[in-house]
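Here the structure comes first, spelled out in structure tokens, and everything after it is commentary.
Nothing in this text is a laboratory measurement; each read-out follows from the coordinates by a stated rule. The model shown is predicted, which means the values in this text are computed figures rather than measured ones. Quick reminder, even Gly has a Cβ in these numbers, built from the backbone with ideal geometry, and neighbours come from all protein chains shown.
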């Protein structure tokens, strides 16, 4: 019966499904050297990403201080505690505030700078690119230390200078004030990782054929019309990828917060990463000893929330695209 079915499919011009695995194995064999080059990376990802991720799921069910073997089983208690902890939701809110403020501002600045640097009439564009990208290659912890010194008394007290210039009425403790701590960290974060998105946008702009702009110029289109009708549509695909990468990167903020404020003052700049770090390694201000199980539960809980938001975002984008295609 199976032979007849396959014969009927071949007669009708339909390729049998059994050919797909064979074709896949044939492609793998044909490109075996490519997979061989990928093997070291896959081994490292498996050892330092996948295995710790899977192992941490088991740890979430135990009270464990990180020493010895976990023995005190608590079930889902850690997840319930995380869900009821107002400090976690405060850190969750600060994390998404950081992302929601940083991403639009940073992507807008990166796109504007990329448009300027992509101008063929600009001289010294390579030097400007190096200047804008240089903060990216600097450690976030080092940037945080330097910025903390500049904003504090070691740097000559910036707020006092602003008072002398008449910009401020009274000195401000930038990192010691619950009102200014998180905005200052956001500002530093925008500057520090701007180079990544600048390079992405610049590469995308350079992939747009110059003939399109030349034809638009001949037709009488000005710079604004060319940007709206040519640049934006051509950047739509890569732009969506850049947005996703920027959001995911900003949700992982840790170094700047830990170095500049430590999550303070009064947890005003606490983010989920520092919340997890505090329970796993520096619990003196919260509890008697470290609890790696609770920290792992908080990390997994945050991962599930971010994954849910990411899937929702993808579904919304897909729905908007489908709605636009049907409207056109």
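The packing ranking, built from the mean of other Cβ atoms within 10 Å per residue, places the peptides 138-151, 101-114 in the order 101-114, 138-151, highest first. For log10 I(q)/I(0) by the Debye sum over Cα atoms at q = 0.07, 0.15 Å⁻¹, computed directly from the structure shown, the correct entry in (1) -0.31, -1.18; (2) -0.24, -1.29; (3) -0.47, -1.32 is (3). Equivalent ellipsoid of segment 223-306: semi-axes from √(5λ) of the C-alpha gyration tensor, largest first, are 40, 15, 7 Å.
Estimated from helical segments only, the mean residue ellipticity of the chain at 222 nm is -21500 deg cm²/dmol, where each DSSP H run of four or more residues counts as -39500 (n - 2.57). Starting from a Cα-only point model with no solvent, please compute log10 I(q)/I(0) by Debye for segment 56-108 at q = 0.14 1/Å. At q = 0.14 Å⁻¹ the computed log10 ratios are -0.57.
A straight chain from residue 112 to residue 89 at 0.36 nm per residue would run longer than the Cα-Cα distance by 4.8 nm. Working ranking of peptides 269-279, 216-226 by packing, defined as the average number of other Cβ atoms within 10 Å per residue, highest first, is 269-279, 216-226.
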